[in-house]
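The values are calculated or read from the model by the stated rules, or taken from the named source; none is laboratory data. Owing to the predicted nature of the structure, the values given are computational and were not obtained by experimental measurement. Because the Cβ atoms are built from the backbone with ideal geometry, glycine has one as well, and the counts that use them run over all protein chains shown. Accessible surface is based on the protein model in full, side chains and every heavy atom, while ligands, DNA and RNA are left aside. Shrake-Rupley method; radii C 1.70, N 1.55, O 1.52, S 1.80 Å.
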Amino acid sequence: RQAAARPATLGRRLAARLLDTVVLGAVTAAAAVPLGMKALDHIDAKIEAAKLSGETVTVWLLDGTTSVHLGIVLAVLLLGGVLLEVLPTVKWGRTLGKRLMGIEVRDIEAHEAPEFGAALRRWLVYSVPGLLVVGVVGVLWCLFDKPWRQCWHDKAAHTFVAAA
């Protein structure tokens, strides 16, 4: 298995990542849209109450109500990431997108699916910098990395993405 291992093509990796992102985005949006609407209604009510008071007041967008909504959305994103990214990577070495693209994540040394800690670290190192936009550099890193074409999240987890 080690002798036959070769890095997956960048096109397949990108397509798999896009598919996985759409699935996780849809799950997160299912929670975010209704909670976002409630948060907007809450903020509108606060603004309307401020207008009716006739006084100049500060209306905070982030308060006890809106922060709870935001916290729930972040919790759904984290739970979704664990259920849709981390656990399938541990169990099968692949997410839905990777399965459809015929690629898999392997431990760089054992060439088996990574353990839970490594898969979680891999997803977090991909996701957190990605939210901060600096993640683009980490993802583009695989364009220049030799021989396994590892991105930062692969390096952090000691994994690589292989053609299945």
Per-pair calculated FRET efficiency, R0 = 22 Å: ALA30 and LEU132 via Cβ, rounded to 0.05: 0.35
Magnitude of the charge dipole, the range 90-130, Cβ model with Lys/Arg +1 and Asp/Glu -1, debye to 20: 220 debye
Extension gain from TRP60 to PHE144, taking 0.36 nm per residue of separation minus the Cα-Cα distance: 25.7 nm
The chain - percent of accessible surface contributed by carbon and sulfur, probe 1.4 Å: 70 percent
Environment charge of VAL59, counting only residues whose C-beta is closer than 13 Å and scoring Lys/Arg +1, Asp/Glu -1: -2
For the chain, accessible area per residue (1.4 Å probe, heavy atoms of protein chains only), Å²: 60 Å²
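For a Förster distance of 30 Å, can you work out the FRET efficiency between the beta-carbons of THR21 and SER53, rounded to the nearest 0.05?
0.10
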Charge context of LEU140, other residues only, Cβ under 15 angstrom, K/R +1, D/E -1: +3
For the chain, size of Cβ-based charge dipole, Lys and Arg +1, Asp and Glu -1, in debye: 820 debye
Cα gyration tensor, the range 23-101 - rounded (a/c under 1.5), prolate or oblate: prolate
Relative packing of 7-15, 99-107, which averages over residues the other C-beta atoms within 10 Å, highest first: 99-107, 7-15
